[in-house]
Structures are given as structure tokens and as C-alpha cells.
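Novice: Here you go, one structure.
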Amino acid sequence: MNALAAHIVSWLNTYLQSANSKGFVIGISGGIDSALTSTLCALTGAPTICVTMPIRQTKAEFERANEHMHDLQTRFANVSVQTIDLTHSFETLEAALPLDSISHPLAMANTRARLRMATLYAVAQANSCLVAGTGNKVEDFGVGFYTKYGDGGVDLSPIADLMKTEVFGLSKALGVVSSIQNAAPTDGLWEDGRSDEDQIGATYPELEWAMCYSGDEVTITERQKEVLAIYNKYHRANLHKMQPIPVCLVPQELKDLLHS
């Protein structure tokens, strides 16, 4: 096994044992991150449940997800798959929400992710499993490109210390299906199938450069300045996702007033 993969697989097994859980549940989007995460979980030998949850999904995304799950099943006896079509559930919720919510595109895109999170936890609890996160380092700790309490709601994060280019490299080494390796990264939350680059305005290699930029380069190009601005804008706006939930600390003397 690839040494990097072996390290992550060992970590997964150790955590699984300490949590006294049986296996893993992973949401499969048809993208590279979920494909790599599910492959690493499968390599543990523990029960690995792959779940695709279409909500008005593009045909290409749905087909890639199914191709990957079929490939994993042929390679690993411990992998099982489920397709849970959430389109009707999403439309029912959509119909119940006030107009200002359903008319806000990003609010409804994030609602998709949160509905999927709830579904994964239902499957996980029913099978005594952990929900494995699929976020990479750039998304989770750089630009915060994920949904709070959606795909950010997980039990453990196997690939969150890997840059996106490292995710692609390890996926190639582990034989992830070529259709996913060659697909443009997308979050799968939009019916038009828009890519991450379309939404962010920069490629992952560019964002990785910005994330590592220390300001010590003598000159940078106009494009690099633009990328830095994009990175910093997303990082500042999404810090609330990356930091612990703020807690209002109350001085003891104020609490004591309740008992006086």
C-alpha cells in the first residue's frame, strides 16, 4: 500500500477502535474528495457504507458517483452502497420555507448539504458507524469552502491535512476511477453543475499558493495579487466555520446574583 495511504488508514483504524464503532459512512458526490475518502475507509477492512444522495443532481455527477461505488464494491468485500434520493424531501422542505429563503440561491444550496448531513447521520447511527468527512486542507482551513453543519458536520476528517493537489496525487496512486480524476472539482450543490473554480474565481493550485504565501517574495504577478485577494476574502468571511463556536463567559459574581 502507498505509504501515505497506509498512514491515514492506520489513523482511521485507531480512531475507529477508540470510538468503539463498527465502520464508516461516507457521502459520495462523484468528486475526488469523497472518492479518496471512501477508498481510504475501505482499505481499513471495516464496514464502509457509501451513500449517494441525489437532489436534482446533474447526470454526470450521479453517473460518476455510481461508477466509483461500483468500482469500490468490486475491489472491497467490506463496501456496501446505498442510493437515497432526497429530491422529494428537499422539495417538501422547500415548499414549507418562507419566500425569502427559497429565493436565496446560496441558502437553498446549503440546505441541500444540511439535508444530506442529517441523512448520513441517520444511516451511521443505525449501523453504529462514524461519518467520515471529505474536506481537504484548502477547503477546510483555507477558504472555508463547505457548508457549516452540512458537509462540515462529520465525526472525523481523514484528508483534511492534504492539499487538493495531494488529494489528486493520492487518488491516482490508489486507482480512483479516471472519470473522477479527470472531472473539474465541484461541490454538487447546484443544478447547473458549476465548478469550484467557477464559484471561487481561482484554481486549487492558485489557492494553495495563496494559503502558503508568507509575503517574502520580492515581486508577485498581477494574477497572484488577484488570487491573494480572493483567498483573503473567503478566509475572512468563513473564519466562523473554522473556529470553535463562541461561548459567552459569565463572571461568577453575576451568576451569584441569581442566588442572592
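The values are calculated or read from the model by the stated rules, or taken from the named source; none is laboratory data. Bear in mind the structure is a predicted one, so any value in this text is a computation, not a measurement. Cβ: placed from backbone, ideal geometry, glycine included. Neighbour counts: every protein chain shown.
Novice: Would you mind finding the one in ALA109, ALA113, ALA124 that is touching a strand residue (DSSP E or B) at 6+ places or on another chain (Cβ under 6 Å), aliphatic (A, V, I, L, M) and in contact (Cβ under 8 Å) with a residue 40 or more places away in the chain?
Specialist: The unique qualifying residue is ALA124.
Novice: Output yes when any residue across segment 238-245 is in contact with a helix residue (DSSP H, G or I) (Cβ under 6 Å, 6 or more places away or on another chain) and assigned to a loop (DSSP other than H, G, I, E, B), and no when none is.
Specialist: No.
Novice: I'm checking my understanding of the structure. Among residues of segment 142-174 that are out of contact with any Asp or Glu (no Cβ under 9 Å at 6 or more places or on another chain), assigned to a helix (DSSP H, G or I) and of a type in the set (A, V, I, L, M, F, W, C), which one is surrounded by the fewest Cβ atoms within 10 Å (Cβ to Cβ)?
Specialist: ALA173
Novice: On the given criteria, is MET53 more than 22 Å from VAL176 (Cβ to Cβ) and within 15 Å of the chain's Cα centre (by Cα)?
Specialist: Numbers: more than 22 Å from VAL176 (Cβ to Cβ): no; within 15 Å of the chain's Cα centre (by Cα): yes.
Against the criterion (more than 22 Å from VAL176 (Cβ to Cβ) and within 15 Å of the chain's Cα centre (by Cα)), MET53 does not qualify.
Novice: Here is a follow-up. As an exercise: evaluate ASP85 against (1) at pLDDT 95 or above; (2) part of a helix (DSSP H, G or I); (3) out of contact with any strand residue (DSSP E or B) (no Cβ under 6 Å at 6 or more places or on another chain) and give the number of the one condition it does not meet.
Specialist: (2)
Novice: Could you list, in sequence order, the residues of segment 182-210 that are under 19 Å from MET69 (Cβ atoms) and surrounded by fewer than 14 Cβ atoms within 10 Å (Cβ to Cβ)?
Specialist: Result: ASN182, single match.
Novice: Residues being closer than 15 Å to MET53 by Cβ, touching a Phe, Trp or Tyr at 6+ places or on another chain (Cβ under 9 Å) and exposed (fewer than 15 other Cβ atoms within 10 Å of the Cβ): count how many of those fall in segment 84-128.
Specialist: The number of residues fulfilling the criteria is 0.
Novice: Here's a follow-up. Any residue in segment 239-258 that is closer than 18 Å to GLY153 by Cβ sitting within a Cβ distance under 7 Å of a residue that is assigned to a helix (DSSP H, G or I) and not acidic (Asp, Glu)? List the pairs, counting only those 6 or more apart or interchain.
Specialist: Hits for this filter: MET242/PHE141.
Novice: Before we move on, is THR37 touching a residue at least 60 places away in the same chain (Cβ under 8 Å), among the β-branched types (Val, Ile, Thr) and touching a Pro at 6+ places or on another chain (Cβ under 8 Å)?
Specialist: Yes: the conditions hold for THR37.
Novice: Look at segment 1-53 and say how many of its residues are touching a strand residue (DSSP E or B) at 6+ places or on another chain (Cβ under 8 Å), polar (S, T, N, Q) and in a helix (DSSP H, G or I).
Specialist: 3
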